[in-house]
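The values are calculated or read from the model by the stated rules, or taken from the named source; none is laboratory data. Source: prediction; values computed, not measured. Counting neighbours? That spans all protein chains shown, and the Cβs are built from the backbone with ideal geometry, glycine included. Surface areas here come from the heavy atoms of the whole protein model, side chains and all, with no ligands, DNA or RNA. Shrake-Rupley method; radii C 1.70, N 1.55, O 1.52, S 1.80 Å.
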Amino acid sequence: MGYRTLRACVEDLLATRRMIRIDVPVDPNLEAAEIQRRVFRAGGPAIYFASVRGCRFPMVSNLFGTMERVRYIFRDALEGLTRLVQFGVDPADWLRRPRLMLKLPWWAWTARPKAVARGPATAHEITISQLPHLRSWPNDGGAYITLPLVYTEDPARPGFFHSNLGMYRIQLDGGQYEPDGQVGMHYQIHRGIGIHHAEAIELKQKLRVNIFVGGAPAMTVAAVMPLPEGISELFFAGILGRHRIPMIKSRDRLPIYAEADFVLTGYIEPKRLLPEGPFGDHLGYYSLAHDFPVMRVEHVYHRPRPIWPFTVVGRPPQEDTMFGQLIHEIVGPIIPRTIPGIRAVHAVDAAGVHPLLLAVGSERYTPYDERKRPQELLTLANALLGQGQLSLAKYLWIAAGEDNPELDVRDVADFFRHMLERVDWRRDLHFQTCTTADTLDYTGGALNSGSKLIVAAVGPSRRTLPVALDSRIKMPESLGFRDPRVLLPGILVVQGPPFQADAQGEDAAIAKFCAGFPRQDAVNLFPLIVVADDAEFTSRNLDNFLWTTFTRSDPARDVHGIEAFVHRKHWGCYGSLVIDARAKPEHPPPLIEDPEVSRRVDELAGPGKPLHGII
């Protein structure tokens, strides 16, 4: 029937040898996080930290570190969710169209949360300072809750049907926060809590907030599911966990998840912002300190024998990559029904998820004529950029399924080959400038700001892509451009000089690079050129290329071209497209581990030590 508590899951994973137990003391300041990263990278087991320095509570990580383990944890429910998809039922439709429930197995009724009068989650009261204080990266601004389940309800329409359960990072200490009284709440744009917060501000009310840590694994997955606005994640958690989610209800407070291991209750302080961060985030860089809402904590509770779950984010892949894969398995088949004409989408994890979205759509506007230019694809691309969290995509590359029915969006190298064989840079680039962007992406020059680029290509192949460097290609080394390397067919990586910003924030060297090649030059045999700080690193493998290119460039600022032009406000180029993926002065620094901590973790891998044979 699925795990109802985190401890039940942990004991089962230990019994089935899917989890290791570390009894030696581990420091929650950097050491636990590095162990998690190293074990995940090795494809290792979940980890139970029995002895945490400075804290009396055990911790657990890497629960979702492999898809094999994810499928094991949810073995009782994934098949049922697949059947729901086969019924043609979007889980978000269960409440909108209740009659669909009649078609489903009896256990689908477990979606409805259960109000209870009491539960173990509030058995003991402690303080914030007594919680495990996990710090993941050396320059983090404090300790964080990295798997928080943040619960709010619509102030105008309270109740489970209008609740939101999201995962928004919580800073426990550091900065200007009042010890044992305040925590920082960082939520990004296009998150459900923002709707409730806006409603509370309009009503001149405090937004009540409860933060749960632990509980059934289904609650963790539900909190990261991209459900439509107005649909409570509690219902999804009930389906995935195969039991009704118990919520302690009382007249004078927000409901509390009865099986949580830890609970923080309180409210968002009205008209109060404090600097939150820095924090090593999932793009592989630090998100910098910015003003964010502050939660006034009124009570901190824990259940008997609680366990503190955590994860660590950083440059992909990390444990949250598995969340993405699970989400794709569950809701991927629903996308074509949500946006008719879309066949498949893939937010590329190696590129940081939001920076790069690949899609395959239909091109049916003029089926009686040869496919000469993108038409329906542009309509579909704009629909994708208006759909939930897909709207945060920075680069969207979309192909016509009619050109290759076997094209797989998850085969990134082959997808780029298909696109670069067909794209016409004079016509197929469509920019959106001065728009919103992912909160964690600093390439646009300001928080939540940036640009987008749609690349849409249709029709037969128009070129043969080179797979080796042509001897006629010469780099302008006097300008600092050198070491050209072929990554994939049609993609050339070039090492450039360090970015030097002028008064307008632009770099003259990249303009001179493009101006130095006429359209007839052999370099244009490569339709895509990427300029990077380190050509060897960027071209070493596909993941390095994706991470460097799409996390270090903003389309409006960093996309250039050989013999570029503007015609009727449309930008294009006759020669190669050039993406400047060098680090810019305003970019945050990449995440680097502490050498001394790395040495200590290495020692844990020695003979007779708990990580021997794992890392």
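Taking segment 575-610 as the range and being within 24 Å of PRO555 (Cα to Cα) and in a loop (DSSP other than H, G, I, E, B) as the test, the residues that pass are GLY575, SER576, ALA581, ARG582, ALA583, LYS584, PRO585, GLU586, HIS587, PRO588, PRO589, LEU591. Within segment 244-253, the residues that satisfy the criterion of being in a strand (DSSP E or B) and open to solvent by 20 Å² or more (accessible area, probe 1.4 Å) are LYS249, SER250, ARG253. Scan segment 386-415 for residues that are closer than 21 Å to GLY459 by Cβ and open to solvent by 40 Å² or more (accessible area, probe 1.4 Å) and the total you get is 6.
For segment 297-352, a residue qualifies if it is more than 30 Å from GLU31 (Cβ to Cβ), aliphatic (A, V, I, L, M) and part of a helix (DSSP H, G or I), and the qualifying residues are ILE327, ILE330, VAL331, ILE334, ILE335. Based on what the data block shows, is GLU370 modelled with pLDDT under 90 and open to solvent by 10 Å² or more (accessible area, probe 1.4 Å)? So GLU370 passes the test. Taken together, the residues in segment 254-269 that are assigned to a strand (DSSP E or B) and not aromatic (Phe, Trp, Tyr) amount to 9.
Within segment 178-213, being under 20 Å from ILE126 (Cα atoms), open to solvent by less than 20 Å² (accessible area, probe 1.4 Å) and part of a loop (DSSP other than H, G, I, E, B) holds for one residue alone: GLY181. Within segment 467-493, residues that are more than 18 Å from THR549 (Cβ to Cβ) reach partners that are acidic (Asp, Glu) and assigned to a loop (DSSP other than H, G, I, E, B) with beta carbons closer than 9 Å, at six or more positions or on different chains, in the pairs ARG472/ASP521; ILE473/ASP521; LYS474/ASP521. Take the residues in segment 433-454 that are assigned to a loop (DSSP other than H, G, I, E, B) and of a type in the set (A, V, I, L, M), then tell me which one is surrounded by the fewest Cβ atoms within 10 Å (Cβ to Cβ). Applying the filter and picking the extreme gives ALA446.
Here are ARG427, ARG463: which of them is under 32 Å from the mean Cα position of the chain (by Cα), of a type in the set (Lys, Arg) and surrounded by 14 or more Cβ atoms within 10 Å (Cβ to Cβ)?
When all the criteria are applied, what remains is ARG427.
Checking each residue in segment 532-573 for being within 25 Å of the chain's Cα centre (by Cα) and of a type in the set (A, V, I, L, M, F, W, C) picks out ALA532, PHE537, LEU542, PHE545, LEU546, TRP547, PHE550, ALA556, VAL559. In segment 267-303, the qualifying residues are those that are on the phi > 0 side of the Ramachandran plot and of a type in the set (Gly, Ala, Ser), and the one that is surrounded by the most Cβ atoms within 10 Å (Cβ to Cβ) is GLY277. Inspect all residues belonging to segment 549-566 and state whether any of them is under 18 Å from ALA437 (Cα atoms), part of a loop (DSSP other than H, G, I, E, B), open to solvent by less than 50 Å² (accessible area, probe 1.4 Å) and not hydroxyl-bearing (Ser, Thr, Tyr). Yes; the residues of segment 549-566 include at least one that is under 18 Å from ALA437 (Cα atoms), part of a loop (DSSP other than H, G, I, E, B), open to solvent by less than 50 Å² (accessible area, probe 1.4 Å) and not hydroxyl-bearing (Ser, Thr, Tyr). Flag: GLN520 matches the condition of being open to solvent by 40 Å² or more (accessible area, probe 1.4 Å), over 30 Å from PHE292 (Cβ atoms) and among the polar types (S, T, N, Q). Does segment 455-466 contain at least one residue that is in a helix (DSSP H, G or I) and at pLDDT 95 or above? No, there is no match, as no residue in segment 455-466 is in a helix (DSSP H, G or I) and at pLDDT 95 or above. Only a single criterion out of (1) closer than 14 Å to ARG427 by Cα; (2) open to solvent by 10 Å² or more (accessible area, probe 1.4 Å) is not satisfied by LEU542, namely (1). Within segment 32-51, no residue that is of a type in the set (Asp, Glu) sits with its Cβ atom under 6 Å from a residue that is part of a strand (DSSP E or B) and surrounded by fewer than 24 Cβ atoms within 10 Å (Cβ to Cβ) at 6+ positions apart or across chains. Exactly one residue out of VAL530, VAL458, VAL486 is surrounded by 15 or more Cβ atoms within 10 Å (Cβ to Cβ) and either touching a Pro at 6+ places or on another chain (Cβ under 6 Å) or not β-branched (Val, Ile, Thr) (or both): that is VAL458. For THR443, the conditions (1) at pLDDT 95 or above; (2) more than 25 Å from ARG343 (Cβ to Cβ) are fulfilled apart from (1).
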